[in-house]
1. Inside segment 13-129, counting only helices (runs of 4 or more DSSP H) that do not spill past its ends, which hold 1 or more residues that are in contact with a helix residue (DSSP H, G or I) (Cβ under 6 Å, 6 or more places away or on another chain) and at pLDDT 80 or above?
2. Before we move on, is ASN53 surrounded by fewer than 10 Cβ atoms within 10 Å (Cβ to Cβ) and on the phi < 0 side of the Ramachandran plot?
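The values are calculated or read from the model by the stated rules, or taken from the named source; none is laboratory data. If you're wondering where the values come from, they're calculated on a predicted model, not measured in any experiment. FYI the Cβ positions are ideal-geometry reconstructions off the backbone, even for glycines, and counts take in every protein chain you see.
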Amino acid sequence: MKVNWKTQVVVLEVLLAIVAAACIFTSLDLVSGGLLFTVLIVAAGLIVTGLVNYLVWGRRLERVHGYAFRQTAPLPSLDEIVVALSERERIELLRLLHESLNRNAETQRSQAERERTAIERQLADKLRMFGA
């Protein structure tokens, strides 16, 4: 079997990288007094434990609960906004709306201002329906 020289170069580069990594790891392990090897063993153990835990429990929980999370209710429309106000806050809001309506009535010039006033009046009427 004839081996291509490009394949040999790639294999030799990979082997050289592995030897260099082993030399660096050994020197760092010697400098740290063996602590680096212990830390890597603990990290590998945690990774294996987490993977086993996910394979045993995570996939089952994802199947059971994941589908329910995807079936949430649609978001409410932004056409109507519910505002929780106390009685005092409703009265103050109505007062401010009436002041705004009075100011706009005096200086009303364009169609855009008339439309804005109509919207403010509708808002004031809706607030009155809630007992303000």
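1. Values: elements: 35-53, 59-70, 87-107, 111-129.
Answer list for segment 13-129: 35-53, 87-107, 111-129.
2. Details: surrounded by fewer than 10 Cβ atoms within 10 Å (Cβ to Cβ): no; on the phi < 0 side of the Ramachandran plot: yes.
Answer is no for this residue.
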